Amino acid sequence: MSEKKTAKKVALLFMSGIGAISLAGCGQENTDGRVEVELVSYKPEAVDAFEEIAAAFNETHDEIKLKVDSPNEAMTILKTRFIREDYPDIVAIGGDINYSNFLDADLFLDISDLAEVGMVKQAYLDMEKELELVPKDGVYALPYAANAAGILYNKEMFEEHGWEIPTTWDEFTQLCAQIESEGILPLYFGFKDTWTCLAPWNALAVGLADSDTCNQVNLGDTTFQEAYRETAVKIRQLLDYAEPNPYAYSYNDACTAFARGQAAMYPIGSYAIPQIKSANPDMEIDSFAFPANQAKEDNVLNSGIDLHFSVLKNTEKKDAVYEVLRFLYQDETVQIYLNHQGGIACKEGEFEIPVELEGMREYIESGRMADFQDHHYPSEMSVDAMIQTFLLDQGEDSVDTFLTRFDKDWKRYNRDLIRKVQKYQEEMEGTR
């Protein structure tokens, strides 16, 4: 695809919602004789980590200079730059629908000839392939750091009361009932911020639905009525053990309440740990994968790629870019990032697992993990708000109402993608 066609395609994908953005400084040339590689990161909270990494790279490389930009509203800025054909060399973004759309717009370089691709944990390579809207040959992202979601629990409280970690759904609900009987709130949610509704939803769904459910729906092989029914039923059951009116409390409220011992458990991801610790630095937190199933061996850890690197297809600095990627994937560099940001290394190796995720170790080390289902949802569909509306609905047919809407809205917001996926499948079957 030509650059002009690519830019036009990106413009069609992303023009909606993009306002005037200041792009001062974009695309500036380096004047000290070194080849400048520009990396744009979508994580402004990781600016200190990237500053340390860039400084270490630039101190050890005389012919290449690494420039890292970590702007606020990075995704909006990136989309605007792509429309203007003002491309960085590398983007550091998450493994979600934005990446899928960028890849579908043919923006990224196949990096399968980069040796470091062979150092990635297979579970995260599998997640990358499932993010392809239509299957593609090659590798287009280098997974770097991941997070995990399930249940965070108050370790000191559990030890004090002698509560055992549940491994099945029945054990989990029995534990919640036991905690409640001792006058303690089992779960805190904070569903006022609608996005938090996705945390227990995703953590349940990875164990109860196939990781490629959305693609199966696109192919017409299943419906959300079928695939998500058990997830919908069980997330509603969780409300029996939550704070009264969880829709009145925000994410910050929930983090603070959990930090202050107002609940024994918090169904959320590892990304919440810094917020919780800011309210109670001395709190002892541990975690476990959501025991969504009736058999422990059927449980799956909800883990997604929080950060990966993709190379823009039209870069003229491939050798320099690959040298940057090789440096980023050195064990010492990965550890710099983890020391700042926490999380799980996507690279195979002896990396420390945060103490708060110790209870998830067996899943991480065995690769029994699956991506967040919402990484495949179009943002326009607002699934988080749909889940909140469903949980507020006290009607007897609320599950059917919710899942019927899920199927209907999916077809509405993914009409073009569904046609594309089905056409691809027909073409593949025609070649057999």
query: Does at least one position in the range 67-86 carry a residue that is among the aromatic types (Phe, Trp, Tyr) and at pLDDT 95 or above?
result: no
message: Under 6 Å between Cβ atoms, which residue pairs at least 6 apart in sequence (or on different chains) link something in the range 267-287 that is more than 24 Å from Asp240 (Cα to Cα) and touching a residue at least 12 places away in the same chain (Cβ under 8 Å) with a partner that is surrounded by 16 or more Cβ atoms within 10 Å (Cβ to Cβ) and of a type in the set (Asp, Glu)?
response: Ile273/Glu356
- request: Would you check if there is a residue in the range 394-404 being of a type in the set (A, V, I, L, M) and either farther than 28 Å from Leu133 by Cβ or at pLDDT below 95 (or both)?
  value: yes
task: State whether one or more residues within the range 288-311 are farther than 26 Å from Val206 by Cβ and in a loop (DSSP other than H, G, I, E, B).
output: no
field: the range 51-84: number of residues that are within 16 Å of Ser41 (Cβ to Cβ), surrounded by fewer than 17 Cβ atoms within 10 Å (Cβ to Cβ) and of a type in the set (Val, Ile, Thr)
entry: 1
field: Some residue of the range 193-214 being outside any loop (DSSP other than H, G, I, E, B) and in contact with a His (Cβ under 7 Å, 6 or more places away or on another chain)
entry: yes
- request: Scan the range 169-198 for residues that are closer than 21 Å to Asn299 by Cβ and free of Cβ contacts under 8 Å to residues at least 60 places away in the same chain and jot them down.
  value: Gln174, Leu175, Gln178
query: Would you say Phe108 is under 29 Å from Leu328 (Cα atoms) and either at pLDDT 95 or above or charged (D, E, K, R) (or both)?
result: yes
- request: Could you list, in sequence order, all residues of the range 85-98 that are under 14 Å from Lys313 (Cα atoms) and either among the hydrophobic types (A, V, I, L, M, F, W, C) or crowded, with 19+ Cβ neighbours inside 10 Å (or both)?
  value: Tyr87, Pro88, Asp89, Ile90, Val91
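The values are calculated or read from the model by the stated rules, or taken from the named source; none is laboratory data. Predicted model, so just to flag it, every value in this text is computed and none were measured. Quick reminder, even Gly has a Cβ in these numbers, built from the backbone with ideal geometry, and neighbours come from all protein chains shown.
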